[in-house]
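Here is the structure we will look at.
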């Protein structure tokens with residue numbers, strides 16, 4: 001009887017999202033795949049400003065107080081300055097940038113020396129003062145101040161990160177892989193490697209052996225690739241793991257691991273170079 005362990009993980013975030021409101025109705029989304037909703041509304045505080053100590057409002061720790069308060073206290077509105085942003089799963093940088101020509105606050109995405117505006121808020125309505133990225137699930141959180149309510153909105157539909165999914169095909173002695181749109185956070189994968197080893201050696205990747213150095217070459221999103229596994233069954237009491245490494249140019253990633261209550265990238269430094 002074959003014994004094995006498949007190292008594949010997925011990351012799901014639960015979030016509290018609310019219906020449309022004044023905070024979101026005035027946003028203009030410039031990409032058809034994007035949607036917007038309210039993540040947190042501060043209108044129930046006495047002044048609608050959570051960073052005013054007179055409110056007696058306890059700030060949530062979701063992003064820390066700096067996320068919701070930066071540029072808020074003693075700063076004129078609108079805060080006309082570009083604020084350093086965050087990166088999505090493809091490596092694109094998101095920033096808050098004033099647009100004097102249109103009198104809007106723009107959310108700008110840039111990668112490979114090209115930029116595009118994905119959302120904007122009229123200055124007559126309010127200003128976006130900070131942002132944060134959930135690059136695993138493709139969500140952009142914006143701290144917004146308007147002439148009325150204030151709060152945090154979330155824009156969904158950005159590129160997501162997902163580990164390569166491995167499945168074992170009983171009786172066929174094969175490993176099947178499904179290529180995500182952004183394998184291990186890369187914009188694309190030039191090759192997918194499948195490694196195997198004794199479960200007792202985990203997580204010492206230096207003892208892993210390549211099952212194949214090119215399970216897929218330049219795979220398309222959603223492509224299913226089947227890799228023959230001709231290795232004999234492990235000895236009784238033993239077991240074998242399978243793990244995928246994604247190669248993009250000179251970079252290689254080995255998925256994520258769940259340690260201490262959170263997901264972190266596995267370090268592929270000890271994984272040998274893949275030689276057919």
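Would you confirm, using the coordinates I've provided, whether residue 271 is over 20 Å from the mean Cα position of the chain (by Cα), buried (at least 17 other Cβ atoms within 10 Å of the Cβ) and closer than 30 Å to residue 86 by Cα?
In short, yes.
Out of the residues in the range 103-128 meeting the condition of being free of Cβ contacts under 8 Å to residues at least 12 places away in the same chain and in a strand (DSSP E or B), tell me which one is surrounded by the fewest Cβ atoms within 10 Å (Cβ to Cβ). Give the steps one after another, and end with the answer.
If we filter the range 103-128 for residues that are free of Cβ contacts under 8 Å to residues at least 12 places away in the same chain, which is where we start, we get 112-115.
Within this subset, residues satisfying the condition of being in a strand (DSSP E or B) are 114-115.
On the way: 114: 8, 115: 15.
Only one residue fits best here, namely 114.
With respect to residue 250, determine if the residue is exposed (fewer than 12 other Cβ atoms within 10 Å of the Cβ), over 18 Å from the mean Cα position of the chain (by Cα) and modelled with pLDDT under 85.
On the way: exposed (fewer than 12 other Cβ atoms within 10 Å of the Cβ): yes; over 18 Å from the mean Cα position of the chain (by Cα): yes; modelled with pLDDT under 85: no.
Considered against the rule, which asks whether it is exposed (fewer than 12 other Cβ atoms within 10 Å of the Cβ), over 18 Å from the mean Cα position of the chain (by Cα) and modelled with pLDDT under 85, residue 250 comes out as no.
For the range 133-155, how many residues are over 11 Å from the mean Cα position of the chain (by Cα) and either buried (at least 21 other Cβ atoms within 10 Å of the Cβ) or part of a strand (DSSP E or B) (or both)? Full working, then the answer.
Step one: of the range 133-155, the residues over 11 Å from the mean Cα position of the chain (by Cα) are 141-155.
So of that shortlist, the ones also either buried (at least 21 other Cβ atoms within 10 Å of the Cβ) or part of a strand (DSSP E or B) (or both) come out as 141-146, 150-155.
Looking only at that region, the number is 12.
Tell me, please, whether a residue that is in contact with a strand residue (DSSP E or B) (Cβ under 8 Å, 6 or more places away or on another chain), at pLDDT 85 or above, assigned to a strand (DSSP E or B) and farther than 19 Å from residue 170 by Cα can be found in the range 223-233.
no
Which of the residues spanning the range 190-205 are touching a helix residue (DSSP H, G or I) at 6+ places or on another chain (Cβ under 9 Å) and assigned to a strand (DSSP E or B)?
195, 197, 198
The values are calculated or read from the model by the stated rules, or taken from the named source; none is laboratory data. All of these numbers come straight from a predicted model, not from anything done at the bench. Glycine also receives a Cβ, built like all others from the backbone with ideal geometry; neighbour counts cover every protein chain displayed.
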